[in-house]
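Have a look at the structure below before the remarks.
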Amino acid sequence: MEVNGALHLLVKIYTNTKLFIILFIIQYIIYYIINMIKTILSYIGLFSPIYLFLISILLLRNYKIYLSFYIFGTIINTILNIILKIIIKEPRPDEDYKLITIGTSNGHRFGADVYGMPSGHAQTVAFNLAFITGILKSPIITIFYTIIAIITLGQRYIYKNHTILQLFIGFIIGTAIGILFYKTANEKIKGELNEKQDDNGPL
């Protein structure tokens, strides 16, 4: 009886230990996957201006007038963001965390980048969202650009690179510039179409 009891106890300990190890491994795998997803999303948010610029150029490659206005609008949007940061001089949050140190000096931001109002990332993704979705009017592209915008705003806030107000103002400005350039491009195309119709009209 004592031997059976001891064996039963050993089997119970082995089973519980095995279960504990399995649960520990599952927990570790879940933790690893979650961290990997967080890292991926963080880098998507960090480099979203580059991704969207390249994707937008690809989407507009067959629309020369729209492509020209997009590139020009991107340049104006970027310059305006720098000018506003220098004028407003509102610092970033004290907890500002840099995911990478590229573009920094001794780990510190310099130039206009030390300021956070308005958010350059928010302004850029909003410009792309307004301009590209306004032109292509594709639900899939609109959803994709919206998701990238949300990820970007979340990454900039979670890493304390900007306050909510800095993100909000940046998004509003970027949207306004995107709509402005989209409408201006449309007017340009309509004007050229009208000229062609007049040229083909009766003498």
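The values are calculated or read from the model by the stated rules, or taken from the named source; none is laboratory data. This one's a predicted model, so the numbers in the text were calculated from it and none came from an experiment. Cβ placement follows ideal geometry from the backbone for every residue including glycine, while neighbour counts extend to all protein chains displayed.
Quick notes on this one:
- Selected residue (criterion: nearest to the chain's Cα centre (by Cα)) from residues of region 167-194 that are at pLDDT below 95 and crowded, with 18+ Cβ neighbours inside 10 Å: TYR182
- All positions within region 110-144 that are assigned to a helix (DSSP H, G or I) and among the small types (Gly, Ala, Ser): GLY111, ALA112, GLY120, ALA122, ALA126, ALA130, GLY134
- Residue that is modelled with the highest pLDDT, among those in region 145-165 that are surrounded by fewer than 22 Cβ atoms within 10 Å (Cβ to Cβ) and outside any helix (DSSP H, G or I): THR163
- Single residue of ILE21, ILE30, ILE71, ILE13 found to be modelled with pLDDT of 85 or more and either part of a helix (DSSP H, G or I) or over 29 Å from ALA122 (Cα atoms) (or both): ILE71
- Test result for THR175, of a type in the set (Ser, Thr, Tyr), touching a helix residue (DSSP H, G or I) at 6+ places or on another chain (Cβ under 7 Å) and under 21 Å from ILE55 (Cα atoms): yes
- Residue match in region 115-132 (condition: more than 28 Å from LEU60 (Cβ to Cβ) and touching a strand residue (DSSP E or B) at 6+ places or on another chain (Cβ under 8 Å)): yes
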